[in-house]
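Colleague: Below is a structure I'd like to ask you about.
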Amino acid sequence: MPETTTAGAAEAAAAPAKRSLGTGPGRLLVTVYGVFTVAAASRSLFQLIAQFEVAPLAYSLSAVSAVLYGFILFSLVRGGEGARKAAAVSCALELIGVLGIGTWTLAEPSAFPDQTVWSDYGMDYLFIPVVLPVTGLMWLRRSRTATA
């Protein structure tokens, strides 16, 4: 019986540890994603409830961005390889969304009677929405190579 316990301990030691992606410099990333999750969710929830008819597309897109921010936040805090991959895909989708909606709001402003989080590439938010996914992807890549 002691051999089984020793073998189990050796396997557990050999298995890669699930490490939070929100440690070290990733803490700042987690903090910013947390702030943006709360900000985008509360703003879009109010707008969807109280002002939906004013700009349904803009408010719906802000709600989508809040969900995406929340998922990335959850993935960064959860850690592990699966969460890293999910966060990377989500950051890439976020970047595509910011660039696409940012361009759309500049090309066809009449489609957006009110701003989204990603309007004008996040200009109302000091361009953090366009910098955040790039920073996230860089951190995910750096932390992956550091543990590999």
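Colleague: Can you give the net charge of the other residues whose Cβ lies under 15 Å from the Cβ of ASP124, counting K and R as +1 and D and E as -1?
Modeller: Net of charged neighbours comes to -1.
Colleague: Is the shape of region 103-148 best called rounded, prolate or oblate, per the rule: a/c under 1.5 gives rounded, else a/b larger than b/c gives prolate, else oblate, with a ≥ b ≥ c the square roots of the Cα gyration tensor eigenvalues?
Modeller: It comes out prolate by the Cα gyration axes.
Colleague: Percent relative contact order of region 33-148, based on C-alpha pairs within less than 8 angstrom and at least six residues apart?
Modeller: With pairs under 8 Å counted, the relative contact order is 24 percent.
Colleague: From the mean inverse distance of alpha carbon pairs (Kirkwood) and the Cα radius of gyration, derive Rg over Rh for region 16-80.
Modeller: So for region 16-80, dividing Rg by the Kirkwood Rh gives 1.15.
Colleague: Which percent of Cα-Cα pairs in region 49-148 sits in each 5 Å bin, short to long?
Modeller: Per 5 Å bin, starting at zero, the Cα-Cα P(r) for region 49-148 comes out as 2, 14, 22, 21, 16, 11, 7, 4, 2, 1, 0 percent.
Colleague: So, taking all protein chains as they sit and a 1.4 Å probe, how much accessible area belongs to TYR121, in Å² rounded to tens?
Modeller: We get 60 Å² for TYR121.
The values are calculated or read from the model by the stated rules, or taken from the named source; none is laboratory data. Keep in mind it's a predicted model, so treat the numbers as computed, not measured. As a convention, Cβ positions derive from the backbone with ideal geometry for all residues, glycine included, and neighbour counts pool all protein chains shown. Side chains included, ligands, DNA and RNA excluded: accessible areas come from the protein's heavy atoms. Shrake-Rupley method; radii C 1.70, N 1.55, O 1.52, S 1.80 Å.
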